[in-house]
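Take a look at the structure set out below.
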Amino acid sequence: MAKKTIFEDCDVLVVGGGMAGTGAAFEARHWGRDLKIICAEKANIDRSGAVAQGLYAINCYMGMQWGENQPEDHVRYARNDLMGLVREDLGYDMARHVDSTVHMFDEWGLPMMRNKETGRYQREGKWQIMIHGESYKPIVAEAARKSADKIYNRIMITHLLMDETKENRVGGAVGFNMRTGDYYVFRAKTVIVAAGGASHIFKPRAVGEGMGRTWYAPWSNGSAYALPIAVGAKMTQMENRIVLCRFKDGYGPVGAYFLHLKTYTQNANGENYEKKWYDKTKELVGEYIDHHPTPTCLRNHAFIQETMAGGGPIYMVTKEAFQDPHLETVGWENFLGMTVGQAVVWASQNIDPKYTNPELTTSEPYVMGSHATCSGAWVSGPEDIAPPEYFWGYNRMTTVEGLFGAGDTVGGSAHKFSSGSFTEGRLAAKAAVKYIEEEKAKDINVSDKQCEEFKEIIFKPLENYTVGRNEITGGTVSPSYILPIQGLQRLQKIMDEYVGGISYNYMTNENTLKRGLELLEWLQEDLENVGAEDYHQLMRAWELKHRTLTSQCVTEHTLFRQETRWPGYYYRGDYMKLDDENWHCLTLSRRDPKTGKFTMEKAPVYHIVNEKEKKEAS
Ligand SMILES: Cc1cc2nc3c(=O)[nH]c(=O)nc-3n(C[C@H](O)[C@H](O)[C@H](O)COP(=O)(O)OP(=O)(O)OC[C@H]3O[C@@H](n4cnc5c(N)ncnc54)[C@H](O)[C@@H]3O)c2cc1C
C-alpha cells in the first residue's frame with residue numbers, strides 16, 4: 001500500500017525534532033563535521049513537541065555565572081521531589097551543562113526577560129527564568145535545520161531496525177510520510193530517540209467534545225518508549241507517571257502564579273487544606289512530608305484527599321495578586337505565551353481572576369521523563385561520575401548498542417524541562433559521534449528482507465480497512481476491524497480503571513493490575529485488526545500501538561513496585577505506605593522482543609551528591 005520506498009543511509013538518525021531532538025542534531029554536527037545527520041519528525045520541527053505553542057519560562061537554569069545555584073543543588077532538589085529516587089549521575093551531568101545551552105538560546109535571539117536592577121535573567125523561581133517564549137521552538141528548530149544534512153518533517157517513525165551482524169545493535173529506523181504515504185527506510189549507524197512523552201494513555205478528564213484538551217501535549221504518543229521497548233531496551237521507573245495540579249478545564253500552568261504572583265490555594269471554606277492532611281500523610285511517607293520544598297506528589301495527595309473528603313472545589317486565590325496591575329498583566333500574559341485556551345475557558349465560564357478565584361484540578365496521569373517525574377529508558381551515565389552499574393561505555397546509550405535517548409525518553413533524571421532536554425540531546429549526540437568514531441558501528445547489516453517485512457506490517461491497517469469496509473454493518477462499525485479512536489478509548493478505559501486513573505482517584509492494587517494486564521494483552525491482539533482509512537488514520541493507528549506498548553510497560557512496573565512511593569501520583573491500595581527498606585531502589589524492565597514477555601528487576605539508587613548539611617559540615 002505504500003506508494004514508494006525511500007532509502008536514506010546516515011550516521012546519526014535523530015527520531016523526533018522537539019527540544020531534545022533539535023539539541024541532538026545541533027551537537028552531532030559540532031562533533032561530527034563530516035558525518036551525515038538526519039532528523040525524522042512526525043510533525044514539523046518549527047512547531048513540534050511539547051513546547052509547540054511557546055513557553056513563558058525556561059524551567060531549568062542554574063545561574064552558575066552569578067553563583068545562584070550549583071549542579072549539586074539541582075540534584076538535591078530533584079531527588080527530594082522524586083521521593084529519593086533519581087539517577088543522580090544523569091541529573092548532575094545535565095545540570096552542569098544546562099547553563100551553556102541557555103546562553104546559546106540567548107545568543108540565537110530568544111527574548112529573555114532581565115531583572116532591571118541586577119541585569120541578570122529574570123527569575124520566576126529558584127530554577128526558572130522568564131522568557132517571551134513564542135519564538136522558542138522556531139529558534140531551536142533553525143539551529144537543527146542548519147546543522148542536519150536533512151530534516152524530514154511529517155515522517156512517523158514506527159519501528160527501529162536491528163543490525164543482523166551483531167546481536168542487540170541498532171541499525172536504523174523505518175516509518176512513513178503521513179501526507180504522501182511513502183515508506184521511509186533510514187539505515188543508520190546510531191539512532192537517538194527523542195520522541196517526547198505519552199499523553200492519552202489514561203482516560204482524560206476532558207472527553208467527547210473536549211477531547212484533546214489535556215495538560216500534556218495530545219500528540220505525544222509514547223513513541224519514545226515504545227520504540228526502545230519493542231527492541232528489548234531496558235526501561236526504568238515507568239510506574240512513576242505524573243499527575244499535574246492545574247487550572248480546571250484549560251490546564252493553564254500554575255508555576256508563574258505560585259512563584260511570581262505568590263498566589264496560594266485553599267478549599268471551598270477558605271482553609272489551608274494542606275495542613276489538615278499533614279499527620280495522615282506522615283503516617284504513609286514518614287519524614288518525606290517534612291522535606292522542603294514539599295514534593296509535588298505530596299501536594300497533589302493533600303488536594304486529592306481533601307476533594308475526596310468533600311472539601312472541594314479547590315481554588316487558586318488570585319483575587320489578591322490581581323489587584324496589582326503589573327501582576328495582573330503577568331498573569332494574563334502567562335497564558336498568552338503558552339495556554340491561550342485557559343483564558344478562553346475563563347471567559348466562557350465568566351471568571352475574571354481579579355474578582356473570582358479560579359478552580360484547580362488534578363489531571364489524568366501522563367508518562368514522561370523530563371518533568372517532575374522519571375519514566376523512561378535505562379541509559380548509561382557519563383564516564384567521570386557514573387557508578388559502574390550505571391556505565392556501559394557511552395553516555396545516554398540505552399542497553400541496546402548504538403541506540404541513544406534524550407529528553408522525555410530517558411528515565412531516572414527528572415526536572416530537565418525544555419533546556420535540560422535540549423542539553424541531554426547534545427550529550428547523547430556527542431556520545432553517538434564518539435561511538436561512530438571509535439568504530440563501534442562497523443559492518444552493520446540491515447537486509448532488504450527486514451525492511452520489506454516492516455513495510456508490510458506498517459501499512460497493514462490500510463489493508464484492514466480496505467477489506468473490512470465492505471462489511472460495515474452500521475455507521476463506522478465493521479466486524480473485521482477497530483478504528484484507532486475506538487482502540488484508544490478502550491486503552492484509556494483499561495488504564496483508567498485498572499492502573500490508577502482519575503475515575504478511581506488514582507487507586508490500584510495487585511488484582512486490578514493483573515486484570516489490566518490481561519485486558520491490555522487482548523487489546524494488543526485486536527490491534528492486529530486496526531483499520532486506517534487514510535494516511536492520517538494510519539498515523540493514529542501507530543500512535544495507538546505505541547501508546548498500548550507503553551501502557552503495558554507502565555502496568556508491569558506498577559505491579560512490580562510493592563509500595564506507594566508517590567501518593568498523589570498513584571496509590572497501591574494493598575501497599576499504601578512508602579517502604580524504604582525494600583523499595584529504595586529503581587525498577588527496571590525488559591520486554592523480550594521474541595516472546596513479548598516482560599521481566600522485572602531492581603537496580604540500586606546511588607546517592608552521589610551529599611545532603612547539604614553534610615557537605616557544609618565537611
Ligand atoms: C504543557 C507543558 C508545559 C511545559 N512548560 C514548560 C515550561 O514552562 N518551561 C520549560 O522549560 N519546560 C516546560 N515543559 C517541558 C518541556 O516542554 C519538555 O521537557 C520538553 O519539550 C521535552 O523535550 P523532548 O524533546 O523530550 O520532547 P518534545 O519536545 O515533546 O519533542 C518530541 C518530538 O518527537 C516527535 N515525535 C513523537 N513521536 C514521533 C515519532 N514516532 N516519529 C517521529 N517523531 C516523533 C514529536 O512530534 C516532537 O516534535 C512543558 C511541557 C508541557 C507538556
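For an R0 of 25 angstrom, estimate the FRET efficiency from the Cβ-Cβ distance between residue 167 and residue 453 and round to the nearest 0.05.
Once rounded, the FRET efficiency stands at 0.90.
Quote the charge dipole size of the stretch 500-618 about the Cα centre in Debye, to the nearest 20; the model charges only the Cβ of Lys and Arg (+1) and of Asp and Glu (-1).
280 debye
For the stretch 432-473, what does the equivalent ellipsoid look like in terms of its semi-axes, each the square root of 5 times an eigenvalue of the Cα gyration tensor, given largest first in whole Å?
Listed largest to smallest, the semi-axes of the stretch 432-473 are 41, 11, 4 Å.
Run the dipole for the chain about the Cα centre, Lys and Arg Cβ at +1, Asp and Glu Cβ at -1, nothing else charged, and hand back the magnitude in debye, nearest 20.
640 debye
Contour minus end-to-end for residue 33 and residue 607, with contour as 0.36 nm per residue of separation and end-to-end as the Cα-Cα distance?
Here the answer is 202.9 nm.
Tell me, which longest segment in the chain has none of the trypsin sites (Lys or Arg not before Pro) that fall in DSSP loops with at most 10 further Cβ atoms within 10 Å?
Segment 117-441 is the longest.
Averaged across orientations, what area in nm² does the convex hull of the alpha carbons in the chain project?
Result: a mean projected hull area of 27.4 nm².
Could you sort 421, 447 by their accessible area in this structure, using a 1.4 Å probe and putting the largest first?
Ranked list, largest accessible area first: 447, 421.
Could you sort 512, 550 by their accessible area in this structure, using a 1.4 Å probe and putting the largest first?
The ordering from most to least exposed comes out as 512, 550.
How large is ³J(HN,Hα), in whole Hz, for each residue of the stretch 576-593 in order, when computed from phi with the Karplus curve 6.51 cos²θ - 1.76 cosθ + 1.60 and θ = phi - 60°, using x for Gly and Pro?
6, 9, 5, 10, 5, 4, 9, 10, 7, 7, 9, 9, 10, 10, 9, 9, 6, x
Once you have a ≥ b ≥ c as the square roots of the Cα gyration tensor eigenvalues for the stretch 78-191, tell me rounded if a/c is under 1.5, and otherwise prolate or oblate according to whether a/b is larger than b/c.
Oblate is the answer for the stretch 78-191, as a/c is 1.5 or above yet b/c matches or exceeds a/b.
Tell me, how many Å apart are the Cα centres for the stretch 257-275 and for the stretch 172-204?
So the two Cα centres are separated by 41 Å.
Please give the calculated 222 nm ellipticity per residue for the chain, where each DSSP H segment of at least 4 residues contributes -39500 (n - 2.57) and the sum is spread over every residue; nearest 500 deg cm²/dmol?
Estimated from H runs of four or more residues: -11500 deg cm²/dmol.
Taking the Cα centre of the stretch 59-204 as the origin and placing charges on Cβ (Lys, Arg +1; Asp, Glu -1), which of 98, 204, 190 is farthest toward the positive end of the dipole?
204
What is the set of long-range amide H partners of residue 221 at a cut-off below 5 Å, with H atoms built 1.01 Å from backbone N?
199
Among 336, 302, 487, whose Cα projects farthest towards the positive end of the dipole of the chain, with charges put on the beta-carbon of Lys, Arg (+1) and Asp, Glu (-1)?
Farthest along the dipole direction, towards plus: 336.
Quick one: Karplus J couplings for the stretch 278-283, per residue in order, coefficients 6.51, -1.76, 1.60, θ = phi - 60°, nearest Hz, x for Gly and Pro?
Each residue of the stretch 278-283 in turn: 4, 4, 5, 5, 4, 4 Hz.
Give me the percent relative contact order of the chain, please, defined on Cα pairs under 8 angstrom at least 6 residues apart.
21 percent
Roughly how many percent of the accessible protein surface of the stretch 384-490 is carbon and sulfur, given a 1.4 Å probe and a whole-percent answer?
For the stretch 384-490, the apolar C and S fraction of the accessible surface comes to 52 percent.
Among 242, 464, 130, whose Cα sits farthest toward the positive end of the charge dipole of the chain (+1 at Cβ of Lys/Arg, -1 at Cβ of Asp/Glu, about the Cα centre)?
464
Is the C-alpha gyration tensor of the stretch 150-303 telling us rounded, prolate or oblate? Criteria: a/c under 1.5 is rounded; beyond that, a/b larger than b/c is prolate, otherwise oblate.
Here the stretch 150-303 falls in the prolate category.
Could you give each residue of the stretch 409-426 its phi-based ³J(HN,Hα) in whole Hz, using Karplus coefficients 6.51, -1.76, 1.60 with θ = phi - 60°, and x for Gly or Pro?
Using θ = phi - 60°, the values come out as 4, 8, x, x, 10, 7, 6, 8, 6, 5, 5, x, 5, 4, 4, 5, x, 4 Hz.
Label the stretch 272-389 by shape, choosing from rounded, prolate and oblate, from the square roots a ≥ b ≥ c of the eigenvalues of the Cα gyration tensor; if a/c is under 1.5 it is rounded, and otherwise prolate applies when a/b is larger than b/c, oblate when it is not.
oblate
May I ask you to give the percent of accessible area on the stretch 520-618 that is carbon plus sulfur, with a probe radius of 1.4 Å?
On the stretch 520-618, the fraction of accessible area on carbon and sulfur atoms equals 45 percent.
Please give me, ordered by residue number, the chymotrypsin sites (Phe, Trp or Tyr not before Pro) of the stretch 86-191 that lie in loop per DSSP and have at most 14 other Cβ atoms within 10 Å.
108
Enumerate by residue number the GluC sites (Glu not before Pro) in the stretch 258-344 meeting two conditions: DSSP loop (anything except H, G, I, E, B), and at most 15 other Cβ atoms within 10 Å of the site's Cβ.
For GluC sites (Glu not before Pro) across the stretch 258-344 that sit outside H, G, I, E and B with at most 15 neighbouring Cβ atoms in 10 Å, the list reads 271, 320.
Taking the Cα centre of the stretch 392-530 as the origin, how large is its charge dipole in debye, to the nearest 20, when only Lys and Arg (+1) and Asp and Glu (-1) carry charge on their Cβ atoms?
Charge dipole, the stretch 392-530, about its Cα centre: 540 debye, nearest 20.
Can you list the lysines whose alpha carbon is less than 28 Å from that of residue 275, not counting same-chain residues fewer than 8 positions off?
126, 248, 262, 319, 354, 577, 612
Tally the DSSP beta bridges in the chain and give the antiparallel ones as a percent, rounded to 5.
Bridges in the chain are about 60 percent antiparallel.
Please list, in order, the residues from the stretch 513-552 whose amide nitrogen is less than 13 Å from a point placed 7 Å along the Cα→Cβ vector of residue 486.
526-533
I'd like the carbon and sulfur percentage of the solvent accessible area for the stretch 153-221, probe radius 1.4 Å, heavy atoms only, ligands and nucleic acids excluded.
The C+S portion of the solvent-accessible surface of the stretch 153-221 is 48 percent.
Roll a 1.4 Å probe over the protein chains and send me the accessible area per residue for the chain in Å².
38 Å²
The values are calculated or read from the model by the stated rules, or taken from the named source; none is laboratory data. As the structure is a computational prediction, the values presented were derived from the model and not from experiment. No Cβ is skipped: glycine too gets one built from the backbone with ideal geometry, and neighbour counts run over all protein chains shown. Heads up: the accessible areas ignore ligands, DNA and RNA and are worked out on the full protein's heavy atoms, side chains in. Shrake-Rupley method; radii C 1.70, N 1.55, O 1.52, S 1.80 Å.
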